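Colleague: Just dropping this structure here.
The values are calculated or read from the model by the stated rules, or taken from the named source; none is laboratory data. Keep in mind it's a predicted model, so treat the numbers as computed, not measured. Note that each Cβ is placed from the backbone with ideal geometry, even for glycine, and that neighbours are counted across all protein chains shown.
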Amino acid sequence: MRTAILASGRGSNLQALIKACASGSLPIEIVAVGSEQLGAAALERAKEAGIPTRVFQVRDYPHRQAQEEDLLIWMRENQVELLLLAGYMRVLGPQFIRQANFPVMNIHPSLLPAFPGLHAQRQALEYGVKVSGCTVHLVDEGLDSGPIILQEAVSVLPGDTEESLAQRILEVEHRLYPEAVRRLVLGKVERTGRRVQILLQEGLE
């Protein structure tokens with residue numbers, strides 16, 4: 001499945017996806033990586049893997065819709081069949097979601113619907129929860145509000161800082177995101193409204 005990835009920062013989830021593709025465990029072809037940040041380390045990771053990249057700096061466009069229209073054109077040119085958000089720090093607008101004729105997936109460092117948006121680990125610590133984690137979900141027109149595909153819990157330990165909790169959650173993300181994508185691509189994700197069922201098809205496990 002021809003896949004594009006949008007990332008804004010270090011690109012560690014992007015690297016996990018590239019690694020899974022290289023090992024043969026993830027049956028997608030990453031055809032393009034984009035970012036709104038010119039100096040994003042994710043772009044360098046993509047270039048090292050031989051994946052074409054492109055930057056869509058917001059300041060280069062008159063308004064947000066123009067940037068998102070350019071993103072859609074870029075994806076159509078690359079015949080994209082799946083879009084993965086891997087630390088992409090901009091919320092895609094409703095018009096983009098409506099016009100995209102392919103699934104859009106995201107991973108978020110909390111057990112949604114708890115703690116959407118930025119600084120989810122900080123939110124978890126400030127709230128005093130005993131368990132956090134990460135969520136892979138389909139992207140809809142809301143903020144981290146799309147149907148949930150997979151989740152995994154991570155204990156919040158005494159003395160945890162935002163950085164230590166984030167690092168433990170990130171280790172789970174690197175495993176959970178490729179697995180969720182794999183299940184979607186193999187036709188093992190069935191959605192009915194907001195409910196997502198993971199189909200256990202013989203021979204695909």
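Colleague: Any idea which residue in the stretch 24-82 is surrounded by the fewest Cβ atoms within 10 Å (Cβ to Cβ), counting only those that are among the basic types (Lys, Arg) and over 26 Å from Gln95 (Cβ atoms)? Spell out how you get there, then give the answer.
Modeller: At the first step, the residues of the stretch 24-82 found to be among the basic types (Lys, Arg) are 45, 47, 54, 59, 64, 76.
Now drop any that are not over 26 Å from Gln95 (Cβ atoms), which leaves 45, 47.
Numbers: Arg45: 19, Lys47: 12.
Once the filter is applied, the top-ranked residue is Lys47.
Colleague: Which residues, counting only those in the stretch 103-120, are part of a loop (DSSP other than H, G, I, E, B) and either in the same structural domain as Glu36 (by TED's automatic domain parsing) or within 21 Å of Ala16 (Cα to Cα) (or both)?
Modeller: Our first condition is that a residue be part of a loop (DSSP other than H, G, I, E, B); within the stretch 103-120, this holds for 103, 109-119.
Of everything in the stretch 103-120, those that are part of a loop (DSSP other than H, G, I, E, B) and either in the same structural domain as Glu36 (by TED's automatic domain parsing) or within 21 Å of Ala16 (Cα to Cα) (or both) turn out to be Pro103, Pro109, Ser110, Leu111.
Colleague: Are there any strands (runs of 3 or more DSSP E) wholly within the stretch 1-80 with 2 or more residues that are within 15 Å of the chain's Cα centre (by Cα), and if so which?
Modeller: On the way: elements: 2-6, 29-35, 53-55.
In the stretch 1-80, the matching strands (runs of 3 or more DSSP E) lie at 2-6, 29-35.
Colleague: Also: Restricting attention to the stretch 121-130, does a residue exist that is modelled with pLDDT of 95 or more, basic (Lys, Arg), out of contact with any strand residue (DSSP E or B) (no Cβ under 6 Å at 6 or more places or on another chain) and not assigned by TED's automatic domain parsing to the domain that holds Arg98?
Modeller: Step one: filter the stretch 121-130 for residues modelled with pLDDT of 95 or more, giving 121-130.
After this cut, where a residue has to be basic (Lys, Arg) as well, the list is 122, 130.
Keeping just the survivors that are out of contact with any strand residue (DSSP E or B) (no Cβ under 6 Å at 6 or more places or on another chain) gives 122, 130.
Remaining after also requiring not assigned by TED's automatic domain parsing to the domain that holds Arg98: 122, 130.
Yes: one or more hits.
Colleague: Now a separate question. Out of Arg191, Arg183, report the one residue that is closer than 26 Å to Leu82 by Cβ, surrounded by fewer than 17 Cβ atoms within 10 Å (Cβ to Cβ) and either of a type in the set (Lys, Arg) or at pLDDT 95 or above (or both). Full working, then the answer.
Modeller: Values: Arg183 fails: surrounded by fewer than 17 Cβ atoms within 10 Å (Cβ to Cβ).
Testing whether each residue is closer than 26 Å to Leu82 by Cβ, surrounded by fewer than 17 Cβ atoms within 10 Å (Cβ to Cβ) and either of a type in the set (Lys, Arg) or at pLDDT 95 or above (or both) leaves just Arg191.
Colleague: Still on this model: Does at least one position in the stretch 4-13 carry a residue that is more than 20 Å from Met105 (Cβ to Cβ) and of a type outside the set (Phe, Trp, Tyr)?
Modeller: Taking the stretch 4-13 and keeping what is more than 20 Å from Met105 (Cβ to Cβ), we get none.
No, the conditions are met nowhere in the stretch 4-13.
Colleague: Can you name the condition, by its number, that Tyr88 falls short on among (1) surrounded by 15 or more Cβ atoms within 10 Å (Cβ to Cβ); (2) touching a strand residue (DSSP E or B) at 6+ places or on another chain (Cβ under 6 Å); (3) at positive phi; (4) not β-branched (Val, Ile, Thr)?
Modeller: (3)
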